[in-house]
1. Percent antiparallel among DSSP beta bridges with both residues in the chain, to the nearest 5?
2. Would you mind checking the range 294-328 for residues with the amide N under 14 Å from a putative spin-label position 7 Å along Cα→C-beta of residue 342?
3. For a label point 7 Å from the Cα of residue 25 along Cα→C-beta, name the residues of the range 91-116 whose backbone N is under 19 Å from it.
4. Can you give me the angle between helix 149-159 and the longest principal axis of the chain, using Cα atoms only, in degrees from 0 to 90, rounded to the nearest 10?
5. Full-extension gain between residue 237 and residue 319, please, as 0.36 nm times their residue separation minus the C-alpha to C-alpha distance.
6. Place a point 7 Å from Cα of residue 210 in the direction of its Cβ. Which residues in the range 175-204 have their backbone N less than 13 Å from it?
7. Rounded to a whole number of µm²/s, how large is the Stokes-Einstein D of the range 5-214 at 10 °C and 1.306 mPa s, given Rh as the Kirkwood radius over C-alpha pairs?
8. So what are the radius of gyration and Dmax for the Cα set of the range 219-340, in Å?
């Protein structure tokens, strides 16, 4: 049952005392959440660990406040996330007609990234940490310093005064673990580890989480990894690895596009490779381009030039095909990005 009016007033007052100075938008988000009852949560199409973790951590926090919560996504989560608590709550749909007093959108630079139609008439709270956010909400909270959207959700949950339950902690840790590339990316700060410390104190088992995320592949995915690495091309004196996949390769391995998650990171384990590009030709005729990098190679700049976004070391975009035309153009641009961010003799 939801909190009564007096309780809500007290919670709103106490939430203001928990909001750090200079975080007026966070305070306003708390106020709007506390005064509304029905919430719809969503994130980007083809969800990853950060989008799933952020959505479900927020859902459990709203549950704790006695709110009505529904979650919608355009696509199902990859199989290895399905044992995490609450995954069955996410409704998969291309069109939403769910009534709500507010829509909380996480990890989306614009509303179309959700892949779900019918969302634009809601009161929107936009929470994101990717450069290029179009500030499309009634309330827009953008924090590029956050290593994951899950860090922002953690701050919001704390500001709302919701205790860090094991379910909430699990999803916050999932968000951070995956969006930092298992603590590999350069966006990590002391804040990241402090939040993770608190999730562990709340009951998260880091070893078990790592096994669930990284050691739960199907045999089909192992075959896919082998096929991709076998066909991998190296260019720019071995500094750029090029991967490509189409539906025929997926079918032959018994996989779907969800099974490609994380594969792009494997070539980066080679010392010489500084960037990876992964081309995915899809049935619509478009080409999805994912990029990862090390050191000061900024792939986000390449993504932004093509209407995409992400982080310095992890970004992507989608462009019209065919792949044969897209591929050489993007490879040339990434070779230039590697040259611009070349590793110095001093180290990383």
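1. On the way: 21 of 47 bridges.
In the chain, DSSP labels about 45 percent of beta bridges as antiparallel.
2. 296-297
3. 102-114
4. Tilt relative to the chain: about 10 degrees.
5. Working: separation 82, 0.36 × 82 = 29.52 nm, distance 2.68 nm.
Result: 26.8 nm gained on full extension.
6. Those under the cut-off are 177-178, 182-184.
7. 94 µm²/s
8. Considering the range 219-340 through its Cα atoms, Rg and Dmax are 13.5, 39 Å.
The numbers here are math on the coordinates, done by the rules we state, and not lab data. Source: prediction; values computed, not measured. Note that we place each Cβ from the backbone using ideal geometry, even for glycine, and neighbour counts take in every protein chain shown.
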